[in-house]
């Protein structure tokens, strides 16, 4: 039989019943913490020692893929599962057209109010955490289609998420951001 309330072994004089709020955003949190999960992550990731430690931990032998290679077949499967073509021989798959300029990227960031369109992280916070400006994502995944309704500002974390389940992200951005524009 499980004990409840003051009879439970981890009960500490009613403190768990006290409402506590994040010191940054005011969200309701557990008693032991001072920040919610997302604010704590931003707080710790913005510290220079965190960035340096991460670089050290993930470089060389600290990287989980250090000394390992994926077979060509495995890489093709990953490409197809991520919504790609599976054609790894295409030398131009990483190249953007000549129209994808810094001024175009800056225009898109400005249009999107300098914030990630999925999590609302602003450009200044992004610079602190990732040491770079917000990324510009091609909604239709065509790196040569630089029309403004095909581009959206995303933070590093959200941009990484868009590489998986591509049909979901295409529909989400098309419907939520540009409902009157043509289907991509």
Highest mean packing first, using Cβ neighbours within 10 angstrom, the peptides 129-138, 40-49, 113-122 sort as 129-138, 113-122, 40-49
For the range 19-74, shape from the Cα gyration tensor axes a ≥ b ≥ c, cut at a/c of 1.5 then a/b versus b/c, turns out prolate
Descending principal axes extents, the range 27-119, alpha-carbon based, whole Å: 53, 41, 25
Extension gain (nm, one decimal) between residue 23 and residue 7, 0.36 nm per residue minus Cα-Cα: 2.7 nm
Work out, step by step, the length gained on full extension between residue 161 and residue 177: first 0.36 nm times the residue separation, then minus their alpha carbon distance; give nm to one decimal. 4.0 nm
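Each reported figure results from applying straightforward, stated rules to the coordinates on display, with no laboratory input. Bear in mind that the values here come from a model prediction, so they are computed numbers and not experimental data. Positions of Cβ are generated from backbone atoms using ideal geometry, with glycine treated the same way; all protein chains shown enter the neighbour counts.
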